[in-house]
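Please read the structure below before turning to the comments.
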Amino acid sequence: MPLVDYASDSEPESADQSPSAPAPKRAGFNPVVAHGELDQQLRRPALDLPPLPAAFHDLYASTVRASTADDPSLHQGRVRQIPHVAGNWPSHVYIEWHPTAATYTLLTGLLSTLQKKTAGTSEITSFLTSDLGAPLPLHISLSRPMALTTADKDEFLEQLVASIRESNISPFELTVRGVEWHRTDESGRSFLVLRLRSLRNPDPDPDSDSEPRPNSPTSAATSQNKNPELTELLKRCNQTAKMYGQPELYQWADINKNNSVGDENSQQPHNPKSHCRQTKPSVGDAFHISIAWSFSKPTDELKLLTEQVFGDGGNAAVISGNKQQKSDLQQEEHRPASSYKATTRILVDGVKVKVGNVVTHIPLPERGHHRRHGRKRAKHLLGLT
């Protein structure tokens, strides 16, 4: 059935429809009033549309290739970490996050303020918004950039799906515990990141990143891994990557330190002969979401301005070591901006694997569901298995 029935131009006009007959006037019709009513209707906010299905975003997860060779001028000066080789498939394992409208507005406003304060000294590029002003999805990395061969890519995906299904990790939530700059030498860039914490291990004071005293009631809880679920998922991703000769993520950290997610197989026994393990930080401190980047190095001044804008004034004074800056910072009116930590919630209900330009979503099983119904196969985009 057509959406609108229009009369055909070739149909003969009926006798009572004369082209010269004027349109009948309605009693009391006032064109000025009618125009005003139409203007009011146009000014009314549009009804809320239903959200797009999650698989829709996977259809447009890849950008258009503008060149067959690596050309940094096409990518804001960025250089590909792994050069493209014919027959290799660039791959990545990650968790995708689409901020709510309120969280997106808050973060973009804070970042815009920081960009204005650092204009002329540091050029900061946002990950939050595209060049056309559209909101962009953010992610939590669970692997380093990889290059899978054609012979390995399908088997790698099958192994990873099976491992995540057996992880005993049900959907969980994360919150933000702070913002900071992180520099990576391999990319030559600095990243503004949100540090994460599982809601299983809430921070006793959302406005303070300092650790409690050893004898306090909360010291035992906060000394544990801040992200046990992410750590277990990372462990399985690293194991699969290692099987296929791919680099592991966060090798500098101890992946088994205080890792307890309710799975008896998640924590490896401690080896008393290993002294280097005792000096490694917990990998739970490493997980983050990047919201912006810059080629500039994170100087003390940049860190101070960042924590001033995002409302973490207490730590900024420690970084600067300047009493006058500390005094000025306490008088700033940006302190309420720290509400982004109290209000941001990140639901993790699955893991995404991108191989080439194909994205596969691996849903986390509901608690006890995988035991009753056995394994489920992961969904590729368009819902195909």
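List of remarks:
- Looking across the stretch 136-145, the residues that are over 13 Å from PRO90 (Cβ atoms) and open to solvent by 40 Å² or more (accessible area, probe 1.4 Å) come down to LEU136, PRO137, HIS139.
- Pairs are defined by a Cβ separation below 6 Å, a sequence spacing of at least 6 or placement on different chains, a first member in the stretch 150-172 that is more than 30 Å from LEU199 (Cβ to Cβ), and a second member that is among the hydroxyl-bearing types (Ser, Thr, Tyr); the pairs so defined are ASP152/TYR244; PHE156/TYR244.
- Boolean, GLU186 is under 20 Å from TYR94 (Cβ atoms), out of contact with any Asp or Glu (no Cβ under 9 Å at 6 or more places or on another chain), at pLDDT 95 or above and open to solvent by 30 Å² or more (accessible area, probe 1.4 Å): no
- Subset of the stretch 152-176 that is more than 21 Å from the chain's Cα centre (by Cα) and small (Gly, Ala, Ser) - its residue that is surrounded by the most Cβ atoms within 10 Å (Cβ to Cβ): SER167
- Lone qualifier among LEU107, LEU132 - being in contact (Cβ under 8 Å) with a residue 24 or more places away in the chain and on the phi < 0 side of the Ramachandran plot: LEU107
- Among the conditions (1) surrounded by 14 or more Cβ atoms within 10 Å (Cβ to Cβ); (2) under 25 Å from VAL348 (Cα atoms), LEU148 misses just one, which is (2).
- Those residues of the stretch 89-110 which are open to solvent by 50 Å² or more (accessible area, probe 1.4 Å), more than 15 Å from THR344 (Cβ to Cβ) and in contact with a helix residue (DSSP H, G or I) (Cβ under 8 Å, 6 or more places away or on another chain), in sequence order: TRP89
- Test for GLN76: is it polar (S, T, N, Q) and at pLDDT below 95: yes
The values are calculated or read from the model by the stated rules, or taken from the named source; none is laboratory data. Everything numeric in this text was worked out from a predicted model, so none of it was measured. Reconstructed Cβ throughout: ideal geometry from the backbone, glycine too, with neighbour counts over all protein chains shown. All accessible areas refer to the heavy atoms of the entire protein, side chains included, with ligands and DNA or RNA removed. Shrake-Rupley method; radii C 1.70, N 1.55, O 1.52, S 1.80 Å.
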